[in-house]
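The values are calculated or read from the model by the stated rules, or taken from the named source; none is laboratory data. Keep in mind that what you see is a predicted model, and the values were worked out from it rather than measured. All Cβ positions, glycine included, derive from the backbone under ideal geometry; neighbour counts span all protein chains shown.
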């Protein structure tokens, strides 16, 4: 399934080897390039295979061979070709992206997610076309993995650039309603609510001037499905994104009437209470969230921040250390932990956490502090 983009032969040139080569290899290489540019795909594949046998270090050959095989839906063969690009570290990034796509197409979703994570760690390398298709599939797998906020953050720039693409709407609807499905396997009776949520999320992501249209779709969603789980929480996140905190809190409380153990709603309300310095209610909500899901990093993080505000430093350290264990790549957790360690006089540990915070802030990875990144978007939209 390749629903969003067709990755034709994404042709960017990798650095060619400078060594002197035998005439036979040069002939094959030129013939392969000619066949590729003339779109004689079977001939090009055959010639690139021959050339890579003659010279296994021919990076351009492996790249074009893998690209051509991928575009022919020959994913296992494409995987084998791209794996040869890991010899030279300068070409690992795009190869990771293509391996993720190949694994996605063959249903090896966990392997695909691991490859996309490696691609992100390598700097999101590749052409604009490759990045678009890889980011989209990466987002689908994050949704499948229950990483809904990260998925939406990754899709949002695509929505801003590509507009009302039906596949993006569907992907954003699934993530917005916290449904851990891929587009081809969610229950068909969920189609309308996914579409309404996706349209609302897409318009909200595009620009502040589209918030009114986002609210229109969100209102339709709530009027038709307001008794179902996740609907009020989603509308609350939209209100929060738009800076309407009062309405956001109201929607989160409505969600808790339907889903009393909804951890994201509990955390969102606790965060709002902490900002208003209502630490008693914030603590009660955060404690409730931790009791429901002891593996929710943001719940522990928020509870640690509440303990910090109450000057209960040892309790704050315990909660933030648990949050760090669950989400070591979250820079805000490391920053708050550094503050607590500093107040406790644990100077070396404070410095280590401060250094980790700075290192994480300098990396552009989707898994790192999506809440903070969304807050940054909100601040930019407000100006």
*What number goes with the only condition from (1) within 27 Å of the chain's Cα centre (by Cα); (2) surrounded by fewer than 16 Cβ atoms within 10 Å (Cβ to Cβ); (3) within 24 Å of residue 243 (Cα to Cα) that residue 262 does not pass?*
(2)
*Grab the helices (runs of 4 or more DSSP H) fully contained in segment 86-190, keeping just those with 3 or more residues being over 25 Å from residue 293 (Cα atoms) and at pLDDT 95 or above.*
92-105, 109-121, 128-144, 166-176
*Hey, among 323, 315, 268, which residue is part of a helix (DSSP H, G or I) and either under 22 Å from residue 246 (Cβ atoms) or assigned by TED's automatic domain parsing to the domain that holds residue 150 (or both)?*
268
*In segment 326-347, what residues are in a loop (DSSP other than H, G, I, E, B) and either within 16 Å of residue 296 (Cα to Cα) or not assigned by TED's automatic domain parsing to the domain that holds residue 301 (or both)?*
327, 328, 329, 330
_Residues within segment 207-239 that are crowded, with 18+ Cβ neighbours inside 10 Å, in contact (Cβ under 8 Å) with a residue 40 or more places away in the chain and part of a helix (DSSP H, G or I), tallied_ = 4
*asked:* Here's a check for you: in segment 154-169, which residue that is within 15 Å of residue 142 (Cα to Cα) and either surrounded by fewer than 22 Cβ atoms within 10 Å (Cβ to Cβ) or free of Cβ contacts under 8 Å to residues at least 60 places away in the same chain (or both) is farthest from the chain's Cα centre (by Cα)?
replied: 156
*For segment 291-302, enumerate the residues that are in a helix (DSSP H, G or I) and in contact (Cβ under 8 Å) with a residue 24 or more places away in the chain.*
292, 297, 298, 299, 300, 301, 302
